[in-house]
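Have a look at the structure below before the remarks.
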Amino acid sequence: MSLPVPSRLPGARAPSAEGLPFDIAALYRRAHGQVVTPGTVVTALHLGHERSLMATGQDPASPSVVLELALGSAQTARDFFRKALPTPLELETAIAWVEDEVHAAHRRHHDWVADNVAVVTCSTDPSLHEVATLAGIAQGPTRVLPLDAMERLFNRLAAVAEGRPAAHEGLPERADFAATVLVLRELMHHMPFAAVVLLEADSLPSAPG
């Protein structure tokens, strides 16, 4: 039996079964069928342009909880970064705001997933594949981006914000990329997610979201 979707998060629109531009439930079911063994708790993650979606549960057919966060790559870049590359102060300000949103999500998530339960987090987002590539994760149909690799990539971004040329770090000069790195890093740290398993997009819906 599927459990009810929790009420609206602060600063986020309430999730619903209809009208979402990305089918997070389809990704959730695919992760259960393709990635994990029976009985594993899965979180399907979509980091969109304007908001992010997470669906978590142990039942392969239906998630126990679906969260919609007011976090997105374009939205974060638009709200906090004035240019293609953020300044240290802009990074710091964005981190503080993103952390508040992630902590709110964690409190809701914790109602369904205890701290000592291992969760396998999966995504098909092209933007997260780009992050994984720049973090040094080899190409393949299934890729694992661990937290330590994510943290090293964020430190490279922080060095660029401090004035190191982006080309020296092999990073793109794009505000949306910087925002994606920031949001994913905060999600991984504070949900927490030890790693993100990246699957090929396949036939799952992919919309600006």
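The values are calculated or read from the model by the stated rules, or taken from the named source; none is laboratory data. Worth saying up front: this structure is predicted, and the values here are computed from it rather than measured. FYI the Cβ positions are ideal-geometry reconstructions off the backbone, even for glycines, and counts take in every protein chain you see. In case anyone asks, the SASA skips ligands and DNA or RNA and just uses the protein heavy atoms, side chains included. Shrake-Rupley method; radii C 1.70, N 1.55, O 1.52, S 1.80 Å.
Residues that are out of contact with any strand residue (DSSP E or B) (no Cβ under 8 Å at 6 or more places or on another chain), among the hydrophobic types (A, V, I, L, M, F, W, C) and surrounded by 21 or more Cβ atoms within 10 Å (Cβ to Cβ): does segment 180-190 have at least one?
Yes, there is a match, as at least one residue in segment 180-190 is out of contact with any strand residue (DSSP E or B) (no Cβ under 8 Å at 6 or more places or on another chain), among the hydrophobic types (A, V, I, L, M, F, W, C) and surrounded by 21 or more Cβ atoms within 10 Å (Cβ to Cβ).
Tell me, please, whether a residue that is closer than 30 Å to Pro165 by Cα, outside any helix (DSSP H, G or I) and not polar (S, T, N, Q) can be found in segment 62-72.
Of the residues in segment 62-72, the ones closer than 30 Å to Pro165 by Cα are 71-72.
Cutting the leftovers down to outside any helix (DSSP H, G or I) gives us 71-72.
Keeping just the survivors that are not polar (S, T, N, Q) gives 71-72.
Within segment 62-72, one or more residues are closer than 30 Å to Pro165 by Cα, outside any helix (DSSP H, G or I) and not polar (S, T, N, Q).
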Next item on the list: Looking only at segment 59-72, decide whether some residue is in contact with a Pro (Cβ under 8 Å, 6 or more places away or on another chain) and either within 24 Å of Pro141 (Cβ to Cβ) or open to solvent by 50 Å² or more (accessible area, probe 1.4 Å) (or both).
Entry: yes
Margin query: Tell me the residue from Ala161, Ala195 that is at pLDDT 95 or above, surrounded by fewer than 21 Cβ atoms within 10 Å (Cβ to Cβ) and over 24 Å from Phe22 (Cα atoms), please.
Written below: Ala161
Next item on the list: Say whether the condition of being crowded, with 16+ Cβ neighbours inside 10 Å and β-branched (Val, Ile, Thr) is met by at least one residue in segment 80-87.
Entry: no
Note to self: With touching a residue at least 60 places away in the same chain (Cβ under 8 Å) and under 28 Å from Arg164 (Cβ atoms) as the only criterion, which of Glu90, Glu50 stands out?
What the structure shows: Glu90
Check: Just checking, which of Leu182, Leu171 is outside any helix (DSSP H, G or I), under 16 Å from Ala84 (Cα atoms) and in contact (Cβ under 8 Å) with a residue 24 or more places away in the chain?
Finding: Leu171
Checklist line | Every pair of residues 6+ apart whose Cβ atoms lie under 6 Å, when the first sits in segment 24-40 and is modelled with pLDDT of 95 or more while the second is in a helix (DSSP H, G or I) and surrounded by 17 or more Cβ atoms within 10 Å (Cβ to Cβ) | finding: none
Margin query: If I filter segment 98-111 for residues that are assigned to a helix (DSSP H, G or I), more than 14 Å from Met188 (Cβ to Cβ), hydrophobic (A, V, I, L, M, F, W, C) and at pLDDT below 95, do I get at least one hit?
Written below: yes
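Residue by residue, here is whether (1) open to solvent by less than 50 Å² (accessible area, probe 1.4 Å); (2) without any contact (Cβ under 8 Å) to a residue 40 or more places away in the chain; (3) not in a loop (DSSP other than H, G, I, E, B) holds:
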residue	(1), (2), (3)
Asp115	no, yes, no
Thr121	yes, no, yes
Ser127	yes, no, yes
Thr133	no, yes, yes
Gly140	yes, yes, no
Val144	no, no, yes
Ala149	yes, yes, yes
Check: Quick one: which of Ala166, Ala175 is among the aliphatic types (A, V, I, L, M), surrounded by 14 or more Cβ atoms within 10 Å (Cβ to Cβ) and farther than 30 Å from Ala26 by Cβ?
Finding: Ala166
Checklist line | Filter result for Arg152 (among the basic types (Lys, Arg) and over 18 Å from the mean Cα position of the chain (by Cα)) | finding: no
Checklist line | Output for segment 23-40, where each listed residue is part of a loop (DSSP other than H, G, I, E, B) and surrounded by 13 or more Cβ atoms within 10 Å (Cβ to Cβ) | finding: Asp23, Val35, Val36, Thr40
